[in-house]
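Worksheet: one structure, shown below.
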Amino acid sequence: MDIIKEAIAGTLESSDVLVKVLPSQDGSLTLHVQSEVIKQFGKQIRASVMQTLDALSVQAATVVVSDKGALDCIIRARVQAAVLRAAGAQEIDWSVL
Amino acid sequence: MMKLRRSMLFVPGDAAGMVSTSFVFKPDTIMFDLEDAVAPQEKDSARILVYHALRHPSYRDIETAVRINGLDSEYGLKDLEMSVRGGADIVRLPKTEKPEDIELLDQHITRIEQACGRQVGQTRVMAAIESAYGVVNAVSIARASPRMIALALAGFDYLVDMQSERSGESEPELFYARAAVLHAARAAGLDAFDVVYGDVNDMEGFLREVMIAKNLGFNGKSLIHPRQIKPLHQSYAPTPQELARARRIIQAAEKAKKEGLGVISLDGKMVDPPVVAHAELVLRRAEAV
């Protein structure tokens, strides 16, 4: 899935996560994670985001994740929403989510 | 056995905190809302959030429903696609006005069930009646599909349509609609849900309305806040006298069955099957508090 524009999904409310997805400047996939629980769950959050990007076939993008204690499924949902917005996708293949 | 549906808790589909935790409040049914609670620019994100909630193990043991947007909107079919594929037990159609609305919904659900491999007929439907036109068509709406499990009256939109408003106390302005929707539901063998009570800080008014709904015969109410669940369940709980009588009726029924008697009697009076069914409901309400 090609990222063609900047998009965000989610909020900075408790138990949520704000995900920003931007087109890559150099064709690479870059992930930045901020979280109040980065020491305990940083590795897990990064893994969830990367798995989600992989499932959506995102190979080039800059992804910024600001976590406010969201569950894993919320993180995945917000990443998916941000990617679909950034790709301008109108239809969703539910089987890959 | 009939599913106990006293409380149907609305959960805004874009509220991550509520979507993550609403199962802990243990309503009888959780209704993820993609319609009025979600702003147009957040419909897509909320849809994905609800999809994940529906598939999460925490919601496996609780009945789930999704209030989709109307099928005449740009969101309705997308909401429906997600709901059926996500495994929602029930789809709630807002602003249902005629049986054709349900028939169209039924056709789309069948198509999606077949496409995703879900058993055809597994997704159930409830219709929200929100207008005078919907109220007068309630009987044909209730019978429009074998998927139908309930009718729900939505008071706010209905009263706007009637050019009326809430008066408090005995609420005569809602009496006809409540009676009509309830009769339509019962005639079709469906459950019936009363209107939401919008002021979550007015517990006295809420409980007054609960008793109106309960005494009319509604299975329960649609709720907008978790703090309304426990008082509602307690209000639907039988009194000690009702419970004692229900137990005696069940014992009499079991005794008659054991002795091979076709007629059940208690204190010298015949007990009809509907009375036994009601006694079973009373026991289940008592157990579920």
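Computed quantities for the displayed model
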{"read-out": "Total formal charge among the other residues, if their Cβ is under 12 angstrom from that of A:Ala70, Lys/Arg +1 and Asp/Glu -1", "value": "-2"}
{"read-out": "Cut-off 14 Å between beta-carbons: net charge of the residues surrounding B:Val276, Lys and Arg +1, Asp and Glu -1", "value": "+4"}
{"read-out": "Antiparallel bridge percentage (DSSP; both residues within chain A; nearest 5)", "value": "55 percent"}
{"read-out": "Point-charge dipole on Cβ atoms (K/R +1, D/E -1) for the protein assembly as shown, about Cα centre, debye to 20", "value": "1500 debye"}
{"read-out": "Number of partner chain Cβ atoms within 10 Å, mean per residue of B:18-30", "value": "1"}
{"read-out": "CD proxy at 222 nm, helix term only [per DSSP H run n ≥ 4: -39500 (n - 2.57); per residue of chain A; nearest 500]", "value": "-11500 deg cm²/dmol"}
{"read-out": "³J(HN,Hα) computed for each position of segment B:105-117 - Karplus, 6.51 cos²θ - 1.76 cosθ + 1.60, integer Hz, glycine/proline x", "value": "4, 4, 4, 5, 4, 4, 4, 6, 4, 5, 5, 9, x"}
{"read-out": "In sequence order, calculated HN-Hα J values of segment B:168-181 (Karplus, 6.51, -1.76, 1.60; Hz; x Gly/Pro)", "value": "x, 6, 7, 6, x, 5, 9, 4, 4, 5, 4, 5, 5, 5"}
{"read-out": "Within 10 Å of each Cβ in B:43-56, the average number of Cβ atoms from other chains", "value": "5"}
{"read-out": "Low-density loop positions, GluC sites (Glu not before Pro), segment B:76-183 - DSSP coil, at most 13 other Cβ in 10 Å", "value": "B:Glu165, B:Glu169"}
{"read-out": "Folded to 0 to 90 degrees: helix A:72-86 orientation relative to chain A principal axis, Cα", "value": "30 degrees"}
{"read-out": "19 Å cut-off, amide nitrogen to a point 7 angstrom out along B:Ser140 Cα→Cβ, residues in segment B:181-199", "value": "B:181-189"}
{"read-out": "Helical mean residue ellipticity (222 nm; -39500 (n - 2.57) per DSSP H run of 4+; nearest 500) of chain B", "value": "-14000 deg cm²/dmol"}
{"read-out": "Residue among B:Ala277, A:Thr52, B:Ser164 farthest towards the positive dipole end of the protein assembly as shown, charges placed on Cβ", "value": "B:Ala277"}
{"read-out": "Radius 12 Å from Cβ of B:Gly205, net charge of other residues (Lys, Arg +1; Asp, Glu -1)", "value": "-4"}
{"read-out": "Using alpha-carbon coordinates, inclination of helix B:76-86 to the longest axis of chain B, degrees", "value": "60 degrees"}
{"read-out": "In chain B, lysine pairs closer than 22 Å at Cα, eight or more apart or cross-chain", "value": "17"}
{"read-out": "Test item: A:10-17 mean partner chain Cβ contacts at 10 Å", "value": "4"}
{"read-out": "Å³ per residue enclosed by the Cα convex hull of segment B:207-289", "value": "102 Å³"}
{"read-out": "Extension reserve of the B:Ser164-B:Gln41 stretch, reckoned as 0.36 nm per residue once the Cα distance is removed", "value": "41.1 nm"}
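Laboratory data are not the source of any read-out in this text; all were calculated from the coordinates shown. What you see is a predicted model, and the numbers here were worked out from it, not measured in a lab. As a convention, Cβ positions derive from the backbone with ideal geometry for all residues, glycine included, and neighbour counts pool all protein chains shown.
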